[in-house]
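Below: one structure, written as C-alpha cells.
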Amino acid sequence: MCKEIKRGVLQGSVVGSLLFLLHINDLPLNIQDEKLVPLADDINTLIIDKNIDAVQARLNRVIKVGNLVLKKTALSLTL
C-alpha cells in the first residue's frame, strides 16, 4: 500500500538539515527572556534562578512559546 507524502525530506540529507535550521532559526527571537543554546539539530535552554518555582514557571513558558513557534512551522517538540 502506498501513501502520498505531502511534506518532508529524507532523514540525514543535507537539504533536511538546512530546512530544519531555517525552520528553527527564529525560535531564539521568540524566546528572548531565556538563554537558548543551539547545537546542530538540538536546542538547550539555560535557566538559572534560586527559586525552583520560578525555574519551573520560566521553563513552562519556554515550552509553551516553543510549541507555538514549532507548530507554525509544522515541526514537533520532543522533550
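Every read-out reported here was derived from the displayed coordinates using simple, explicitly stated rules and does not represent laboratory data. It should be emphasised that the depicted structure is a prediction, and the values quoted were computed from it without experimental measurement. Cβ atoms come from the backbone with ideal geometry, glycine included; neighbour counts cover every protein chain shown.
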Measuring from label point to label point, each 7 Å out along Cα→Cβ, what is the N67 to D49 span in nm? 1.8 nm
Taking springs between alpha-carbon atoms closer than 10 angstrom, which of N44, N67, N30 fluctuates most in the Gaussian network model of the chain? N44
With DSSP loop assignment and no more than 12 other C-beta atoms within 10 Å, the trypsin sites (Lys or Arg not before Pro) in the range 8-79 are K50
Give the cross-link partners of K64 among the lysines, using a straight C-alpha distance below 19 Å as the criterion and excluding same-chain residues fewer than 8 apart. K35, K72
FRET efficiency for M1 and A74, Cβ-Cβ distance as r, R0 = 25 Å, nearest 0.05? 0.55
Normalised contact order of the chain, rounded percent, pairs of Cα under 8 Å and 6 or more residues apart: 22 percent
